[in-house]
Amino acid sequence: MIAPANTLDVSYVGLASASALVLVAVAISVWQQLGLARGFIVGAVRALVQLFAVGYILVYLFLHPQWWLVLLALLVMLVAATGTATRRRPGKADPGSRRRLWTISGTAMLLSAGLTLAYVTQLVVHVRPWYDPRYLIPLFGMIVGNAMNGAALAAERLASEMESRRGEVEAYLALGAVPARAAAEPVRRALVASLIPSVNGLMVVGLVQLPGMMTGQILAGQSPLLAVRYQIVVAFMLAGATAMTSVIVVLWYRRTFFTPAAQLAVRVAV
Amino acid sequence: MSESNSASPLFSLRNVTQQRGDATILRDLTLDLPRTAVTALIGPSGAGKTSLIRLLNRLDDPSSGEVLFDGKPITAYPVFALRRRVGFVFQRPTMFEGTVAGNLRAAAMLAGAAHATDAPDVTRVLDAAGLDGSYATRDAGRLSGGEQQRVSIARALMTRPDVLLLDEPTSALDPEVAERLLTTVARLAREGGVSVVMVTHRLSEAQRASTFTVMLEAGRLVEAGATERIFTGATHARTRAYIASTE
């Protein structure tokens, strides 16, 4: 229905035989007593259920494209990504700061991923109608997935730098520095840490492995050169969106470390 | 010292209480710190000495009560300007990356010296802090603890403060280095016109360098007065016991 005629089908029998490959992982886990067998089985079942659910939702959306349904799907993706970006905190976090971080990360991703998606779909690829789910949903998924990692890295690194450089930050404050100056080095380090994966990604794209989207397009029977052009757009788009997300998260999150009187807020790193 | 009334106290604390979580660090403290050259804050560990001086340039604010500086509520001053007038030297010095001169210039820039000519002369400030001019080009991170503490003092002087708060500046130094640092501080206060408020756990330092001493214990004021009187005829038994215990 959706795949071009020259794409090889994966039958349900084929799918069942692919599960043998997960069983190899299960067998290795049992043999080496890794305690991961249950994880592999549950994970495989979850992957199956989640992907089929997404597949059916996408089929429905593609057959009944409605702008509000597409935006709703994007919102659900954004909320899920925000939850993931702010979940992996050490247990010390007080609920207040986690809620605040959720707001910060969510808003940062909404702004940067939203802007990037609008730019790419309307000015680069010229998607018509503007809400065509075949383009918006996979592109937004890639943008938000990368932005999510950037946001999580940036926030974690800023918190740890603010903790380990507390003496330096307070030495600046004691000299009459504004918080932005006092926290300049933690901010710089957090931004570098969150952007290095983007730089590395641009450096090795196509060399180490073919990116997922390009692989998908080639498997789906598209010309490799068209796949390459899309992949270039995607690589640039991810770099821009991750940089925007990281800078918003870091600069906003930084403010939460200081009181209005430019004192270090008394709390442990989240 | 600026256009202040020389009779009024330098700092006044009015019913100051400081809570941190469930712990009470300072309890209903009412105290005047006079415009003397060097004031020493003494008392056993946990007395609240560091917590007290952190209130004096608003690195912290009290949970309740009021702090006055030059007769005005400390919150009435713009906080960044206040911190340049009231310098703070931490117990453990933190050097900024780069040379000693770079550290000093960073402080001058924060004080609003847009050009090098507006800033105090690095060599003279180093000299005031007891370091010769050759230190200017040295990597601040590679200096010894005593040298770094002097750079901290010099850095604080770059904002031309009226008051210098020192939090146990000699605690990490060996006695000989501590002795020299103390001489420098006393000279700064005497010749540089800077009022010094110093936390110390070495009573000999308080006795020798200060003219006014405040004794704290468990967040409460035990007594305050001229250093000579405190060390020769303290009125409070706890002060006498503390002085005797550390002799």
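The values are calculated or read from the model by the stated rules, or taken from the named source; none is laboratory data. Just so it is clear, the structure is predicted and the values come from calculations on it, not from any experiment. Neighbour counts run over all protein chains shown; Cβ positions are idealised from the backbone, glycine included.
Can you tell me how many residues within segment A:170-198 are within 9 Å of chain B (Cβ to nearest Cβ) and either of a type in the set (Asp, Glu) or within 30 Å of the chain's Cα centre (by Cα) (or both)?
Total meeting the criteria: 3.
Just to check your reading of the model, which residue among A:256, A:215, A:242 is among the polar types (S, T, N, Q), buried (at least 16 other Cβ atoms within 10 Å of the Cβ) and within 27 Å of residue A:136 (Cβ to Cβ)?
From the options A:256, A:215, A:242, the qualifying one is A:242.
Among what's in segment A:25-68 and is assigned to a helix (DSSP H, G or I) and in contact (Cβ under 8 Å) with a residue 24 or more places away in the chain, pick the residue that is surrounded by the most Cβ atoms within 10 Å (Cβ to Cβ).
To start, the set of residues in segment A:25-68 that are assigned to a helix (DSSP H, G or I) comprises A:25-31, A:37-63, A:67-68.
Cutting the leftovers down to in contact (Cβ under 8 Å) with a residue 24 or more places away in the chain gives us A:44, A:58-59, A:61-62, A:67.
On the way: A:44: 17, A:58: 16, A:59: 12, A:61: 20, A:62: 14, A:67: 13.
If we take residues in segment A:25-68 being assigned to a helix (DSSP H, G or I) and in contact (Cβ under 8 Å) with a residue 24 or more places away in the chain, then A:61 is surrounded by the most Cβ atoms within 10 Å (Cβ to Cβ).
Restricting to helices (runs of 4 or more DSSP H) lying wholly in segment A:155-270: which have 3 or more residues that are among the β-branched types (Val, Ile, Thr)?
A:184-204, A:224-255
So which residues in segment B:213-247 are of a type in the set (Asp, Glu) and either touching a strand residue (DSSP E or B) at 6+ places or on another chain (Cβ under 6 Å) or under 16 Å from residue B:40 (Cα atoms) (or both)?
Correct list: B:217, B:223, B:228.
From the list A:69, A:101, A:75, which one is modelled with pLDDT of 95 or more and within 23 Å of residue A:242 (Cβ to Cβ)?
A:75
Out of the residues in segment B:1-23 that are modelled with pLDDT of 95 or more and of a type in the set (Ser, Thr, Tyr), which is farthest from residue B:220 (Cα to Cα)?
Among residues in segment B:1-23 that are modelled with pLDDT of 95 or more and of a type in the set (Ser, Thr, Tyr), the one farthest from residue B:220 (Cα to Cα) is B:12.
Can you tell me which of (1) surrounded by fewer than 21 Cβ atoms within 10 Å (Cβ to Cβ); (2) away from chain A (no Cβ under 14 Å) is the one residue B:126 doesn't meet?
Of (1) surrounded by fewer than 21 Cβ atoms within 10 Å (Cβ to Cβ); (2) away from chain A (no Cβ under 14 Å), only one is false for residue B:126: (1).
Kindly establish whether residue B:51 is touching an Asp or Glu at 6+ places or on another chain (Cβ under 9 Å), of a type in the set (Ser, Thr, Tyr) and either closer than 29 Å to residue B:208 by Cβ or surrounded by fewer than 15 Cβ atoms within 10 Å (Cβ to Cβ) (or both).
So residue B:51 fits the description; yes.
Check whether at least one residue in segment A:72-89 is touching a Lys or Arg at 6+ places or on another chain (Cβ under 7 Å) and over 22 Å from residue A:142 (Cβ atoms), and report yes or no.
Yes, because at least one residue in segment A:72-89 is touching a Lys or Arg at 6+ places or on another chain (Cβ under 7 Å) and over 22 Å from residue A:142 (Cβ atoms).
So which residues in segment B:78-122 are more than 9 Å from every other protein chain (Cβ to nearest Cβ), in a loop (DSSP other than H, G, I, E, B) and under 19 Å from the mean Cα position of the chain (by Cα), if there are any at all?
Scanning segment B:78-122 gives a single hit, B:91.
If you check residue B:124 against the conditions, is it modelled with pLDDT under 95 and of a type in the set (Lys, Arg)?
Working: modelled with pLDDT under 95: yes; of a type in the set (Lys, Arg): yes.
Against the criterion (modelled with pLDDT under 95 and of a type in the set (Lys, Arg)), residue B:124 qualifies.
Which one is nearest to the chain's Cα centre (by Cα) among residues in segment B:42-67 that are under 13 Å from residue B:29 (Cα atoms), away from chain A (no Cβ under 14 Å) and part of a strand (DSSP E or B)?
Narrowing segment B:42-67 to residues under 13 Å from residue B:29 (Cα atoms): B:47-49, B:51-53, B:55, B:62-67.
Pick out the ones that are also away from chain A (no Cβ under 14 Å) and you get B:47-49, B:52, B:64-66.
Filter again for part of a strand (DSSP E or B), leaving B:64-66.
On the way: B:64: 22, B:65: 21, B:66: 19 Å.
That would be B:66.
So, residue A:247, is that one of a type outside the set (Phe, Trp, Tyr), closer than 26 Å to residue A:152 by Cβ and either at pLDDT below 85 or in contact with a strand residue (DSSP E or B) (Cβ under 9 Å, 6 or more places away or on another chain) (or both) or not?
no
Here are some residues: B:170, B:239. Which one is modelled with pLDDT under 95, polar (S, T, N, Q), more than 19 Å from residue B:87 (Cβ to Cβ) and buried (at least 19 other Cβ atoms within 10 Å of the Cβ)?
On inspection, the qualifying residue turns out to be B:239.
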